[in-house]
Structure formats: C-alpha cells, structure tokens
Amino acid sequence: MSTSLVPQSPNPSEVQTTEPLLSVRNLETWYGPIAAIKGVSLDLYRGDIVTVLGANGAGKTTLLNTLAGVIDPFKGSVHFLGQALHGLDPDEVARRGLVLVPEGRQVFPFLTVAENLRMGAFARQQAQGMESDLERVYAWFPRLLERQRQAAGLLSGGEQQMLAIGRALMASPTVLLLDEPSLGLSPLLTREIFRIIERINSETGMSILVVEQNAAIALATAHHGYIMELGRVAAAGPCAELREKDDVKEFYLGGVSHRELVDGSKQRWKRRKTWR
C-alpha cells in the first residue's frame, strides 16, 4: 500500500509492463452447493480501468468479494503484485493495497463525513500524507467538504456513494474495487461519479476494477472490459472493441450508440442473453 494518493515516479526496477498488477486465474466461489463464479480469469494492469459487466446474478459482486477476501474461493488463484492473496482475511487484503467500495455504500451512518473519511485510513501504517490525501478527496468531492460535520446517514444516495469512494481512497490503495457505483443513482449523478473515477485514474495512475450494470457508461470510461454470464466470463477485450460487438450492442446497449446512452438521450434496455 502506498503512503499517499499523490502520484509518484515509479522505480524502473519495479515496473513490469508485461505483468499484470492483479492476476486472477480459474477462480471458483460457491455458496453451499451453488457455484456463483466458475473458472473466472482476468488481468488488471497498472494504471488501467477495467470493468466487469453482466446482469443480476452473473457473479460480479461475488467476484469482487472474493478478491477482497470477504469470501474464500473454492478453487483458483488471486495474485497481486506477484503475491498470492487468496485465503487472506479482508483486513490483510486491504493493508496490501486492494480496497473495496462495497455495493450499497455501507457508510457509518452515525459518524460525520469527516469521521467516516478518517476511518478509511485506520490501516495506514504511517500518518504521512494523510492530511494532504484528505484535501485531495475533498477536491474530488466538494460536497463532502460542505457536509464534513454532517452525519453520514443524512446524506443523499449520491453523496453517500461519494463518501464510500472517498473513505476507500483514504486507505491509499494501489487498486480500487468498485461494486455498482451507479446503483440507485440518477443518470446525472451517475455521470458525475464516473467523471470523478476517470479523474482519479488520470491524476494518480490508480488502477481501478469497477463492477457495473450500466454498460454504456462503464464501457465509455474503462480501458478493458469483461462480460459475465451465469458465473463465467462470456466475452472480454478492449472497451472500444466490445462496444462494436453485435451481441454487446443488442443485449447491453439496446442497439444504439454508447454516446446516446451516456448522455441520456436514449433509454437503456436489456433482455436475458445466454452467450454461446
């Protein structure tokens, strides 16, 4: 885990341009007798935004929870910075630099905004850079600065999502895991959240893995994408290529351009698709 969100020049001896920062191979996770994810493999490279798309029940949230150590995998491996993560407790995974923003925000409702943000830094081994990171979070999310003394439970859904992301950033992660950041938000707030995600990535070089149902805005934001269906990866590739695939257009983009969907001029629709 880095000590600050401020981007630093990498050590040439540490940069592995051909090796992924996060490598997942043949991952399987079960809920009792039910296999939620089946043989999933994916890579996340330094400085990239990767999105995982799919309908409800595709296994997206289970995948993130497995990566974060919330659920133990039944089979397969997770390697981060060359070290195995599978089987570690969630707090140890977070300390190593893989930090989850869970579905549904899960802020501490009776703590203030400022207290929630400082809670995100509890695992940092050094206080160095904490105040400057707090200032950067407030710069990315000015509404949090305006409401820093307000109880988190009184914030709107969009503000709570900003707080959940800001709290994770205070842990100074190497990889940020985002689970459905647009859930329950208006199209306007969704676009604002994803603009901030892009800004965080471009200003800090932070690698981001985002699970989303809003395929249009996710594919417009990320560099690489994976589409999950029934617990498996059904398609993968650069987002620019995925946007042009007929199946993706028909079943995730409604047959219209991603620009029309991102700016809200067309209604998004989706019907069940089983990939072959």
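The values are calculated or read from the model by the stated rules, or taken from the named source; none is laboratory data. Because the structure is a prediction, the values reported are computed rather than measured. So basically every Cβ, Gly included, is an ideal-geometry build from the backbone, and we count neighbours across all protein chains shown.
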Looking only at segment 150-159, decide whether some residue is under 20 Å from residue 49 (Cβ atoms), under 19 Å from the mean Cα position of the chain (by Cα) and surrounded by 20 or more Cβ atoms within 10 Å (Cβ to Cβ).
no
Could you list, ordered by first residue, the pairs with Cβ atoms under 9 Å in which the first is in segment 243-255 and at positive phi and the second is modelled with pLDDT of 80 or more and not in a loop (DSSP other than H, G, I, E, B), at least 6 apart or interchain?
254/216; 255/249
In the list 130, 170, which residue meets the criterion of being of a type outside the set (Ser, Thr, Tyr) and out of contact with any Gly (no Cβ under 7 Å at 6 or more places or on another chain)?
130
Failed condition for residue 144, given (1) surrounded by 14 or more Cβ atoms within 10 Å (Cβ to Cβ); (2) at pLDDT below 95:
(2)
Inspect segment 105-121 for any residue being touching a Ser or Thr at 6+ places or on another chain (Cβ under 7 Å) and not charged (D, E, K, R) and give the result as yes or no.
no
Of all residues in segment 44-71, count the ones that are part of a loop (DSSP other than H, G, I, E, B), out of contact with any helix residue (DSSP H, G or I) (no Cβ under 9 Å at 6 or more places or on another chain) and either surrounded by 24 or more Cβ atoms within 10 Å (Cβ to Cβ) or among the acidic types (Asp, Glu) (or both).
1
Hey, any hits in segment 42-50 for a residue that's in contact with a Lys or Arg (Cβ under 7 Å, 6 or more places away or on another chain), at pLDDT 90 or above and of a type outside the set (A, V, I, L, M)?
no
Taking the stated definitions as given, is residue 184 surrounded by fewer than 20 Cβ atoms within 10 Å (Cβ to Cβ) and in contact (Cβ under 8 Å) with a residue 24 or more places away in the chain?
yes
Would you call residue 54 more than 30 Å from residue 150 (Cβ to Cβ), under 16 Å from the mean Cα position of the chain (by Cα) and at pLDDT below 95?
yes
Pull out all pairs, ordered by first then second residue, where Cβ-Cβ is under 6 Å, the residues are six or more apart or on different chains, the first lies in segment 101-112 and is buried (at least 17 other Cβ atoms within 10 Å of the Cβ), and the second is in a loop (DSSP other than H, G, I, E, B).
103/180
Which of (1) more than 21 Å from residue 39 (Cβ to Cβ); (2) modelled with pLDDT of 90 or more; (3) of a type in the set (A, V, I, L, M, F, W, C); (4) out of contact with any Leu (no Cβ under 7 Å at 6 or more places or on another chain) is the odd one out, the single condition residue 269 does not satisfy?
(2)
Where in segment 97-210 are there helices (runs of 4 or more DSSP H), lying fully within it, with 3 or more residues that are of a type in the set (Asp, Glu)?
130-140, 187-204
For residue 148, are the conditions met, namely being touching a residue at least 40 places away in the same chain (Cβ under 8 Å) and not hydrophobic (A, V, I, L, M, F, W, C)?
no
Do we have residue 137 as over 23 Å from residue 229 (Cα atoms), β-branched (Val, Ile, Thr) and surrounded by 14 or more Cβ atoms within 10 Å (Cβ to Cβ) here?
yes
